[in-house]
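The structure under discussion appears below in the form of structure tokens.
The values are calculated or read from the model by the stated rules, or taken from the named source; none is laboratory data. Please read all numbers here as calculations on a predicted model, not as lab measurements. Please note: Cβ atoms are built from the backbone with ideal geometry, for glycine as well, and neighbour counts cover all protein chains shown. Heads up: the accessible areas ignore ligands, DNA and RNA and are worked out on the full protein's heavy atoms, side chains in. Shrake-Rupley method; radii C 1.70, N 1.55, O 1.52, S 1.80 Å.
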Amino acid sequence: MSTRQRTEAIGKPTSTGNDLAVTWRGKRFTLPSPEKFPLEALEAEEEGKHLTALKLILWAAQYATWRGLAVTAADAEDFSAVVMKELGRGNR
């Protein structure tokens with residue numbers, strides 16, 4: 001997805017290269033800006049492998065921390081909602 005397409009889809013400009021940080025369940029997670037997401041993560045997302053995409057975006061150490069806190073599908077959905085809100089996507 002191009003920057004223009006992403007802007008149109010979410011209704012606001014995307015990050016200009018700055019990493020973003022979210023706090024979930026008292027832990028801080030740093031994610032790269034969308035334009036820095038690994039291509040493998042985008043491919044995994046397109047294939048419906050959402051947790052694989054998340055693992056690639058968070059990298060091993062942060063994913064292990066997240067996985068220690070997340071034990072249900074609802075936990076994954078909640079984390080995703082926090083990230084999407086920070087990115088300015090989805091329903092708020």
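I need the full set of residues from the stretch 39-67 which are farther than 14 Å from Ser80 by Cα and either open to solvent by 70 Å² or more (accessible area, probe 1.4 Å) or in contact with a strand residue (DSSP E or B) (Cβ under 8 Å, 6 or more places away or on another chain) (or both), in order please.
Leu39, Glu40, Leu42, Glu43, Glu46, Glu47, Trp59, Ala60, Ala61, Gln62, Thr65 - these are the residues of the stretch 39-67 that are farther than 14 Å from Ser80 by Cα and either open to solvent by 70 Å² or more (accessible area, probe 1.4 Å) or in contact with a strand residue (DSSP E or B) (Cβ under 8 Å, 6 or more places away or on another chain) (or both).
Might you check whether a residue that is touching a Ser or Thr at 6+ places or on another chain (Cβ under 9 Å) and of a type in the set (Val, Ile, Thr) occurs anywhere in the stretch 47-70?
No, because not a single residue in the stretch 47-70 is touching a Ser or Thr at 6+ places or on another chain (Cβ under 9 Å) and of a type in the set (Val, Ile, Thr).
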